[in-house]
Amino acid sequence: MLGGGDPVITTDITISVDYIDKMVADSVAAVDRGFESLKIKVGKDIGVDIERVKAIYAAVEGRALLRLDANQGWTAKQAVFALQTLEDAGVRLELVEQPVKAQDLEGMKYVTERVHTPIMADESVFGPTEVIELIRMRAADIINIKLMKTGGLSNAIHIADICGMYEMECMIGCMVETSVSVSAAVHLAVAKSNVITKVDLDGPSLCQFNPVVGGVIFNESEITVTQAPGLGIREIHGLQALAAA
């Protein structure tokens with residue numbers, strides 16, 4: 001219904017902010033598990049953030065791409081300082097996600113114009129209207145689509161189509177979600193793979209176990225869509241009906 005595409009996509013995995021040694025160890029472990037893209041959480045202390053990224057880059061260079069998620073943690077000038085420092089140190093990043101506050105579109109534009117690293121808008125974009133404004137301002141290089149932000153597939157499809165018109169890349173992301181809701185995002189990513197070129201759907205990988213039988217198959221970094229109808233879910237272990245009021 002959404003369109004065709006390669007039924008297999010590859011996701012990154014999140015490395016939570018922590019002590020440098022712990023983040024390096026977590027990054028190396030993720031690469032050893034087969035992940036080729038790591039989303040590094042930063043935005044706490046800019047000086048330590050720079051050292052975190054340098055250490056992780058040195059540990060996995062040539063084995064994995066790094067994506068930074070600053071979670072609105074920097075000012076525009078701090079973001080430019082941090083990214084120029086990393087670029088000058090030879091650190092090559094695939095992208096930086098939401099370096100400034102969501103409402104600070106001028107700040108996002110300021111950063112985008114002054115660094116070589118691609119800048120991705122996340123919290124700044126909830127629907128098609130914000131996408132159009134970001135494109136008009138040239139305030140970001142990539143748009144992060146999340147079904148929990150857009151309110152479902154319809155607006156997400158609109159965003160992908162708008163970005164396709166203007167040749168702007170998208171990432172498909174998720175919140176802290178199970179494989180049920182993430183499965184819908186996977187179908188969208190497959191259908192719109194000409195625009196959605198980056199995948200951040202590691203929510204199910206971070207869960208202790210997956211109670212879902214059928215549906216999209218999550219195997220570490222590899223995500224596979226089956227030929228089953230709909231989301232393909234046949235059963236959810238442990239699911240209980242709510243008592244009638």
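The numbers here are math on the coordinates, done by the rules we state, and not lab data. For clarity, every value in this text was computed on a predicted model and none was experimentally measured. Heads up, the Cβs are rebuilt from the backbone with ideal geometry, glycines too, and the neighbour counts pull from every protein chain shown.
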Calculate, axis by axis, the spread of Cα positions in region 8-233 along the three principal axes, and write the results as whole Å, longest axis first.
49, 41, 24
Let me check against my output: what whole-number percent is the relative contact order of the chain, with C-alpha pairs under 8 Å and at least 6 apart?
19 percent
Sequence order, region 138-154: Karplus ³J(HN,Hα) from phi using 6.51 cos²θ - 1.76 cosθ + 1.60, θ = phi - 60°, Hz rounded, Gly and Pro as x, gives 6, 8, 8, 9, 9, 10, 9, 9, 10, 4, 5, 7, 6, x, x, 5, 4
Among 11-20, 219-228, how do they line up by average Cβ neighbours within 10 Å per residue, starting with the highest?
11-20, 219-228
On a full-extension model of 0.36 nm per residue, what is the gain between M148 and F81, subtracting their alpha-carbon distance, rounded to one decimal in nm?
20.9 nm
Give me a comma-separated list of calculated 3J(HN,Hα) values for region 69-84, in order, Karplus coefficients 6.51, -1.76, 1.60 applied at θ = phi - 60°, integers in Hz, x for any Gly or Pro.
10, 7, 6, 6, x, 10, 7, 4, 5, 4, 4, 4, 4, 5, 6, 5
Under-5 Å amide H pairs with D69, H placed in peptide plane, nonlocal only:
I40, K41, V42, E97
Most mobile of I145, I172, I217 in a GNM of the chain (Cα contacts under 10 Å)
I217
1/(1 + (r/R0)^6) with r = Cβ-Cβ of R234 and D88, R0 = 51 Å, i.e. FRET efficiency to nearest 0.05, evaluates to 0.45
Would you please calculate the Kirkwood hydrodynamic radius of region 1-84 over all C-alpha pairs and express it in Å, rounded to one decimal?
13.8 Å
For E133 and H116 in one chain, what is 0.36 nm times their gap in residues minus the Cα-Cα distance, to one decimal in nm?
3.9 nm
I need the phi-derived Karplus couplings for region 177-183: 6.51 cos²θ - 1.76 cosθ + 1.60, θ = phi - 60°, integer Hz, Gly and Pro marked x.
9, 8, 5, 5, 6, 5, 4
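Determine, from the Cβ-Cβ distance of K44 and M1 and an R0 of 45 Å, the FRET efficiency 1/(1 + (r/R0)^6), rounded to the nearest 0.05.
E between K44 and M1, to the nearest 0.05, is 0.60.
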Which of C163, C174, C207 moves the most in a Gaussian network model of the chain with Cα springs under 10 Å?
C207
Would you list, by chain and number, the lysines whose Cα falls below 30 Å from the Cα of K192, excluding same-chain residues fewer than 8 positions away?
K39, K41, K101, K109, K146, K149
